[in-house]
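A.B. asks: My structure is below; once you've seen it, I'll send some questions.
The values are calculated or read from the model by the stated rules, or taken from the named source; none is laboratory data. Treat the numbers as computed from the prediction; the structure is a model and nothing was measured. Cβ: placed from backbone, ideal geometry, glycine included. Neighbour counts: every protein chain shown.
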Amino acid sequence: MKNIVLIGFMGSGKTTLGGKLANALKFQFLDTDQMLEKEFGCPISEFFAKEGEQVFRKRETKLLQDLAGALSNTVLATGGGMPLLAENAKLLQQIGRVYYLRASKESTIQRLLGDTSRPLLAEGALEEKVDRLLKERTPLYAAVADYILDTDGKSFYEMIEEVQRTFYQSKGNARRD
Ligand code: S3P
């Protein structure tokens with residue numbers, strides 16, 4: 001198991017950091033949202049509107065089941081709701097070392113202002129939604145994580161450095177080069 005799994009709230013930077021991190025480590029980069037959009041043949045927001053959240057969650061679980069045991073040298077970025085189901089949480093831990101990208105409520109709101117691609121934020125006041133979902137999800141993210149990476153005020157360079165250092169220090173992930 002030599003993979004890095006990125007979890008965290010919408011807008012925490014999983015996809016952007018994941019791509020840069022994979023480049024730095026010379027790892028493959030995969031993003032579950034992008035893989036699912038390819039499977040669905042439409043954006044996630046459209047799939048949510050047609051099939052609903054529950055069907056989406058089932059497809060997320062199925063994707064993780066397919067990926068578990070099949071990956072190496074991979075950075076896997078995940079959708080913000082992925083660790084919420086206990087079954088998914090277990091699969092994520094099987095796949096790799098789980099990094100929780102934690103951001104404050106304020107920076108999360110800043111990053112999500114004006115976003116129209118995320119169905120869970122589509123209606124109502126952004127601040128209230130983020131506040132409620134963060135309260136629900138923060139303990140679950142923390143419980144699944146092997147490492148909590150605080151992102152506020154850090155550059156990508158600093159975050160990549162922190163992940164590299166903590167990944168190669170952890171058991172079973174010795175650097176080969
Ligand atoms: C979701 C987060 C989204 C996407 C879907 C549901 C969530 O991914 O999977 O809209 O439940 O938090 P991002 O975290 O990449 O925005």
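A.B. asks: Just need a number here: residues in the stretch 108-153 that are of a type outside the set (Ser, Thr, Tyr), farther than 19 Å from Leu76 by Cα and more than 11 Å from the ligand (Cβ to nearest atom). Spell out how you get there, then give the answer.
C.D. replies: Applying the first criterion (of a type outside the set (Ser, Thr, Tyr)) to the stretch 108-153 yields 109-115, 118-137, 139-140, 142-146, 148-150, 152-153.
The next check asks that each one be farther than 19 Å from Leu76 by Cα; those that pass are 109-115, 118-137, 139, 152-153.
With the extra rule that they be more than 11 Å from the ligand (Cβ to nearest atom), the set shrinks to 109-110, 113-114, 123-128, 131-132, 135, 139, 152-153.
Summing the residues that are of a type outside the set (Ser, Thr, Tyr), farther than 19 Å from Leu76 by Cα and more than 11 Å from the ligand (Cβ to nearest atom) in the stretch 108-153 gives 16.
A.B. asks: Could you tell me whether the stretch 132-142 includes any residue that is more than 14 Å from the chain's Cα centre (by Cα), in contact (Cβ under 8 Å) with a residue 12 or more places away in the chain and part of a helix (DSSP H, G or I)? I'd like the intermediate steps shown before the answer.
C.D. replies: Step one: of the stretch 132-142, the residues more than 14 Å from the chain's Cα centre (by Cα) are 132-136, 139.
This time we only want the ones that are in contact (Cβ under 8 Å) with a residue 12 or more places away in the chain, so: 133-134.
Retained after the next criterion (residues that are part of a helix (DSSP H, G or I)): 133-134.
Yes.
A.B. asks: Any idea which of (1) within 30 Å of Tyr168 (Cα to Cα); (2) exposed (fewer than 14 other Cβ atoms within 10 Å of the Cβ); (3) of a type in the set (S, T, N, Q) is the one Gln110 doesn't satisfy?
C.D. replies: (1)
A.B. asks: Here's a check for you: in the stretch 61-82, which residue that is touching a Gly at 6+ places or on another chain (Cβ under 9 Å) and buried (at least 22 other Cβ atoms within 10 Å of the Cβ) is farthest from Lys135 (Cα to Cα)?
C.D. replies: Val75
A.B. asks: Give me a count of the residues in the stretch 116-131 that are in contact (Cβ under 8 Å) with a residue 60 or more places away in the chain and small (Gly, Ala, Ser).
C.D. replies: The number of residues fulfilling the criteria is 2.
A.B. asks: May I pose another question? Considering only the stretch 1-34, state which residues are within 15 Å of the ligand (Cβ to nearest atom), assigned to a strand (DSSP E or B) and buried (at least 20 other Cβ atoms within 10 Å of the Cβ). Reasoning before the result, please.
C.D. replies: Initial filter on the stretch 1-34 (within 15 Å of the ligand (Cβ to nearest atom)): 5-19, 29-34.
Narrowing further to those that are assigned to a strand (DSSP E or B): 5-7, 29-31.
Answer for the stretch 1-34, where residues must be within 15 Å of the ligand (Cβ to nearest atom), assigned to a strand (DSSP E or B) and buried (at least 20 other Cβ atoms within 10 Å of the Cβ): Val5, Leu6, Ile7.
A.B. asks: Across the stretch 69-107, what is the number of residues that are in a loop (DSSP other than H, G, I, E, B), closer than 25 Å to Gln169 by Cβ and either within 15 Å of the ligand (Cβ to nearest atom) or in contact with a strand residue (DSSP E or B) (Cβ under 7 Å, 6 or more places away or on another chain) (or both)?
C.D. replies: Applying the first criterion (in a loop (DSSP other than H, G, I, E, B)) to the stretch 69-107 yields 69-73, 78-81, 85, 96, 103-104.
This time we only want the ones that are closer than 25 Å to Gln169 by Cβ, so: 69, 71-73, 78, 96, 103.
Subset that is either within 15 Å of the ligand (Cβ to nearest atom) or in contact with a strand residue (DSSP E or B) (Cβ under 7 Å, 6 or more places away or on another chain) (or both): 71-73, 78, 96, 103.
Here the count works out to 6.
A.B. asks: Another question about this same structure. Report whether or not Arg175 is modelled with pLDDT under 95 and farther than 15 Å from Phe9 by Cα. Full working, then the answer.
C.D. replies: Working: modelled with pLDDT under 95: yes; farther than 15 Å from Phe9 by Cα: yes.
Spelling it out, Arg175 is indeed modelled with pLDDT under 95 and farther than 15 Å from Phe9 by Cα.
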